[in-house]
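K.L.:
Below: one structure in structure tokens.
Throughout, read-outs are computed from the coordinates displayed, never taken from laboratory work. Since the structure is predicted, the reported quantities are computational estimates derived from the model, not experimental observations. No Cβ is skipped: glycine too gets one built from the backbone with ideal geometry, and neighbour counts run over all protein chains shown.
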Amino acid sequence: MYPGLCVKAITWLEKCLDDSSGDILITAGSSVTAGSAVLFDLHPKEVRDELFGRDEEVEYVKRQVRAGNWVVISGQRGIGKTSLLKVVLNELSRDGFRAIYVNARGITTLRDLLAILINEINKSRVRLRLTVSLNFIIGSAGITLSRGSRVFNGLLELLLSIDEDTVIGIDEVQELSRVSGQFLKILGNVFASNPRVSFVFTGSYVGLVKALLRPSPESPLYGRPPVEVRLRSFSDELSREFLRRGFNELGIQFHAFDTVINRLDGVIGWLTLFGNYHGVRGLGIEDSLRETVNEGVKIMISELEHFLEDKANKALYLAILSALRFVNRWKDIKFAVTARLGREFGDREFVNALNALINYNFVERVREGEYRLIDPMLREVDYDELIRKYSRTSEPQR
Ligand SMILES: Nc1ncnc2c1ncn2[C@@H]1O[C@H](COP(=O)(O)OP(=O)(O)O)[C@@H](O)[C@H]1O
Ligand SMILES: [Mg+2]
């Protein structure tokens, strides 16, 4: 893996950040030659040498898995969830676990999930105890779901049949929220009945993630909540060290730490992207910052639009985010939103909107009554344009 590897495709950043290139079984670390420039590589990191500043998290997640706990790695986009998951899977696979990585982006049905798991299990030759084999046909190439078998039953039988220590990493698990009821039932059953299987999930925002972390009394996972590892931005000091090391690897003298860190905060994804622009592609500092922000804003807007899809009053959410660029106290935000949209909102409607933004990791509550935008890119979004766009599109429906 070398820097610049994914610069060619038009959607290169999306690809690099999402790693939606496929569902990968991790069995061994990629070879990293000492001294090669890896920190500013845009792919999710896979081995410890490539992973900056997350040793404690790697050790912690591994310990939890070994102790039989399931884990959710949470945090905003670009904060390093996929990288942490991949390194953990990699290391556990060296410690005798079977490790399976599943990227849930784009998976919307249990059938898709089952197909991917069957595929990965066949590839990795996980030992199965399919004695009942109610739902499967066992052939030389592995197993296939019998015709007419129900997906729910198949998935459950498959997970219950796994007969060696196996860790399954499901990246961006919230994508499965449409099937969360059935999925949670299966998980609850597996947790109770097959201690050889552990799950590590990652998630950028709630829905299923919340259901996993704080299962309600009706949930099959009630009383056995996964452990949450919340990834946060790096401090200024660590961000500085990351940039210093990255540029060092490339033999580049770099001094503009404050300029970069003030603009990008300690979000490792943005720092990596900046480092790639400046250090690998050779753009100047200003140009690299501009490109990083351009890409970051594009990604944020697409996340926002995803979030807004099912929201009735889109302008309210956008106006809150817009206000948070300048003010951070509850009253001031509400005042700014009312002024911006020219109408009053009830406290409940306003609080619900703010909470939804918090749940989706766009906004953070700093302390009682005080909030801030979680990602520096959210400061750079043109909210007026988005508000105009949504006012236009909602007009005909009125
Ligand atoms: N600890 C780390 N050290 C070095 N680079 C990292 C680290 N964590 C993430 N990155 C880089 O940051 C970007 C985003 O990481 P990723 O793991 O995809 O985040 P997420 O899954 O939270 O969106 C990638 O380019 C990745 O290479
Ligand atoms: Mg990811």
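K.L.:
Bin width 5 Å, origin at 0, all Cα-Cα pairs of the range 236-305: what percent of pairs per bin?
P.N.:
4, 18, 30, 26, 13, 6, 3, 1, 0
K.L.:
Moving on to the next point. Given charges of +1 on the Cβ of Lys and Arg and -1 on the Cβ of Asp and Glu, with all other atoms neutral, how large is the dipole of the range 311-397 about its Cα centre, in debye to the nearest 20?
P.N.:
Value, rounded to 20: 100 debye.
K.L.:
Output the 0 to 90 degree angle, nearest 10, between the alpha-carbon long axis of helix 110-124 and the longest principal axis computed from the alpha carbons of the chain.
P.N.:
With both axes taken from Cα atoms, the answer is about 60 degrees.
K.L.:
Please report, to one decimal in angstroms, the Kirkwood hydrodynamic radius of the chain built from all distinct Cα-Cα pairs.
P.N.:
For the chain, the Kirkwood estimate is 22.7 Å.
K.L.:
All other residues with a Cβ under 12 Å from the Cβ of Tyr205 taken together, and with Lys, Arg as +1 and Asp, Glu as -1, what is their net charge?
P.N.:
0
K.L.:
If you place +1 on the Cβ of every Lys and Arg and -1 on the Cβ of every Asp and Glu, how big does the dipole about the Cα centre of the range 12-230 come out, in debye to the nearest 20?
P.N.:
640 debye
K.L.:
Where does the Debye-calculated log10 I(q)/I(0) of the range 311-397 sit at q = 0.10 Å⁻¹, using only Cα point scatterers of equal weight, no solvent?
P.N.:
Computed log10 I(q)/I(0) values: -0.22.
K.L.:
Please sort by residue number the GluC sites (Glu not before Pro) in the range 124-221 whose DSSP state is loop and whose Cβ has at most 12 other Cβ atoms within 10 Å.
P.N.:
Sparse-neighbourhood loop GluC sites (Glu not before Pro): Glu218.
K.L.:
Relative to the Cα centre, what is the charge dipole magnitude of the range 207-274, using +1 at the beta carbon of each Lys and Arg, -1 at the beta carbon of each Asp and Glu, and rounding to the nearest 20 debye?
P.N.:
Computed charge dipole of the range 207-274: roughly 220 debye.
K.L.:
Would you mind checking the radius of gyration and Dmax of the range 12-230 based on alpha-carbon positions, in Å?
P.N.:
16.9, 54
K.L.:
Find which of Phe183, Leu316, Val337 sits farthest along the positive direction of the dipole of the chain, computed with +1 on the beta-carbon of Lys and Arg, -1 on that of Asp and Glu, about the Cα centre.
P.N.:
The Cα lying farthest towards the positive end belongs to Phe183.
K.L.:
In degrees from 0 to 90, rounded to the nearest 10, what is the angle of the helix 180-193 Cα long axis to the longest principal axis of the chain?
P.N.:
On a 0 to 90 degree scale, this one is about 50.
K.L.:
Largest first and in whole Å, give the semi-axes of the range 95-203's equivalent ellipsoid, each being the square root of 5 times a Cα gyration tensor eigenvalue.
P.N.:
Rounded to whole Å, the semi-axes are 20, 17, 13.
K.L.:
Taking Cα centroids, how far is the range 202-236 from the range 144-184 in Å?
P.N.:
Rounded to whole Å, the Cα centres lie 19 Å apart.
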